[in-house]
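What follows is calculated from the coordinates using simple rules that are stated; it is not laboratory data. Keep in mind the model is a prediction, meaning the values are calculated, not measured. We place every Cβ from the backbone using ideal geometry, glycine too, and count neighbours over all the protein chains shown.
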Amino acid sequence: MPVHCFAGHPNLSRLCGLYAKGLTILTDVFSEGAAWMRGRIIPIGEACIPITDWGLTHCDITYDVVPVWNGGMFRLPAYLDRFEASMAALHLDPDMTRDAIQSALIQMVAASGLRNSYVAMVCSRGTPTIAGSRDPRHCRNHFYAWCVPYVQVISPEVVAKGASACIAQTVQRIPDGSVDPIVKNYHWGDFTKGLFEAKDAGFETVILTDADGNITEGPGFNVFAIKHGKLLTSGHGVLSGITRRTVLEIATQLGLQVDIRPLPQTVLLDADEVFISSSAGGVIPIVKVNETVFAGGVCGPATQSIHQSYWDWMAAPAYRTDIIYNN
Ligand code: PLP
């Protein structure tokens, strides 16, 4: 209720106090995050989907994640493009326009009060409208969204000490002929198995190869190598990361040569610098892969320049959709 509704009320000052308290409570309610579910914005802890939703029972779901930094969404049109392409590839249609999806995201983040946030948009297959049907065309697809305080794939404390990764030996990336990595998905069985392998061996994270032994990606990130001033990254078997795209654009601007090509493990291990990219953390140096240490165990100079430019781009008005917050 707007404050002007209290104008002339005999208990004006008390009501204004209660209103302010209400706003504080609202902010507290959303401090852990908010969700947009069927047109309502609710605390993240209250958001749920039916246990019969094929998103859960068949992993029949797609999603995307846009970062919010200092109150602005970064490259929102690019994330919406990718989300729409993922939905189209899976024959998902939540019956919402792009504008409606965008405004759901913006209203949710505005209500949450979160200035730095990890904002997920999701479309699940839903539940068949004909009981017991196994026909995906009988499902009513379901869009929902949620936002939480900004998430980093590797915590800043670990990055400060030097993050490590191993190349998984016990699992390969699921073949792109089976699950297309360009369609952002929750088929994380391969990553989870790899993460257990990495953690058991004392590494922070894991990098997966394809069946030919070429580097693909890791849980939530793309992988880059720098060798003799040239930036190398895989062009197949990976998500077209928006951060990856940003990195490639920055690298060109910085005058680095870019080579998108199959990346054998030997090439990665022979690199001068290695880093990963993700909307959850930006450009993150990896100082050790398996037993190979890069750039003396610190963030190398080229990675540092790309990292700095990434955060400059995050602040650039041209790439931002500013949020008008409710509080
Ligand atoms: N690869 C995978 C498998 C991911 O899940 C992600 C992000 O979640 C990325 C790469 C990085 O993509 P982006 O830079 O768009 O966050």
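Under a 10 Å cutoff between Cα atoms, tell me which one of 238, 267, 109 has the largest fluctuation in the Gaussian network model of the chain.
Most flexible of the set in this elastic network: 267.
Note down the nm distance, to one decimal, between modelled labels 7 Å out along Cα→Cβ at residue 140 and at residue 325.
3.6
By its C-alpha gyration tensor, with a ≥ b ≥ c as the square roots of the eigenvalues, how is the stretch 126-199 shaped: rounded for a/c under 1.5, else prolate for a/b larger than b/c, else oblate? Please report the intermediate quantities before stating the final value.
Values: a/c = 3.44, a/b = 1.75, b/c = 1.97.
Oblate is the answer for the stretch 126-199, as a/c is 1.5 or above yet b/c matches or exceeds a/b.
Whole number please: convex hull volume per residue of the Cα set in the stretch 48-165, in Å³?
Values: hull volume 16.4 nm³, N = 118.
Roughly 139 Å³ of hull volume per residue.
Could you size up the charge dipole of the chain around its Cα centre, putting +1 on the beta carbon of Lys and Arg and -1 on that of Asp and Glu, and report it in debye to the nearest 20? Mind dumping the intermediate values first?
Numbers: 24 positive and 30 negative charges, 158 e Å.
The dipole magnitude comes to about 760 debye.
By the scheme Lys and Arg +1, Asp and Glu -1, what is the net charge of all other residues having a beta-carbon under 11 Å from that of residue 93?
Counting the neighbours of residue 93, the net charge comes to +1.
Local charge sum around residue 237 (other residues, Cβ-Cβ under 9 Å, Lys/Arg +1, Asp/Glu -1)? Numbers along the way, then the final one.
Numbers: positive: 173; negative: 176, 210, 217.
My count for the surroundings of residue 237 gives -2.
Can you give the net charge of the other residues whose Cβ lies under 11 Å from the Cβ of residue 149, counting K and R as +1 and D and E as -1?
Numbers: positive: 115; negative: 32.
It works out to a net charge of 0.
Show me the ranking of peptides 284-291, 219-226, 53-60, 195-202 by mean Cβ neighbours inside 10 Å, starting with the highest.
On the way: 284-291: 20.0, 219-226: 23.5, 53-60: 17.5, 195-202: 14.4.
Descending mean neighbour count gives 219-226, 284-291, 53-60, 195-202.
Hey, what's the per residue convex hull volume over the C-alpha atoms of the chain, in cubic angstrom? Provide the component values of the computation, followed by the final result.
Numbers: hull volume 52.5 nm³, N = 327.
Convex hull volume per residue, Cα atoms: 161 Å³.
With +1 on each Lys and Arg Cβ and -1 on each Asp and Glu Cβ, and nothing else charged, work out how big the dipole of the stretch 167-281 is about its Cα centre, in Debye to the nearest 20.
Values: 9 positive and 14 negative charges, 46 e Å.
Here the size comes out at about 220 debye.
Ratio to report: Rg/Rh of the stretch 169-227, with Cα atoms as the point set and Rh obtained by the Kirkwood method; give two decimals. Write down the numbers at each step before the final one.
Details: Rg = 11.4 Å, Rh = 12.0 Å.
Here Rg/Rh amounts to 0.95.
Compute the acute angle (0 to 90°) between the alpha-carbon long axis of helix 76-89 and the principal axis of greatest extent of the alpha-carbon atoms of the chain; round to the nearest 10°.
Once rounded, one gets 80 degrees.
R0 = 45 Å: FRET efficiency of residue 130 with residue 259, Cβ-based, nearest 0.05?
E(calc), rounded to 0.05, equals 0.30.
Gaussian network model of the chain, Cα springs within a sub-10 Å range: biggest mean-square fluctuation belongs to which of 119, 29, 206?
Result: 29 has the largest fluctuation of those listed.
Need the full-extension length gain, residue 182 to residue 96, defined as separation in residues times 0.36 nm minus the C-alpha distance. One decimal, nm.
Values: separation 86, 0.36 × 86 = 30.96 nm, distance 2.21 nm.
Here the segment from residue 182 to residue 96 would lengthen by 28.7 nm.
Once Lys and Arg get +1 and Asp and Glu get -1 on their Cβ, which of 267, 254, 326 lies farthest toward the positive end of the dipole of the chain?
Result: 326.
In Å, what is the Rg of the alpha-carbon atoms in the stretch 87-147, and how long is Dmax?
Answer for the stretch 87-147, Rg first and Dmax second: 14.1, 44 Å.
Of the candidates 260, 167, 44, which one comes out as most mobile in a Gaussian network treatment of the chain with C-alpha springs shorter than 10 Å?
Of the options given, 260 has the highest mean-square fluctuation.
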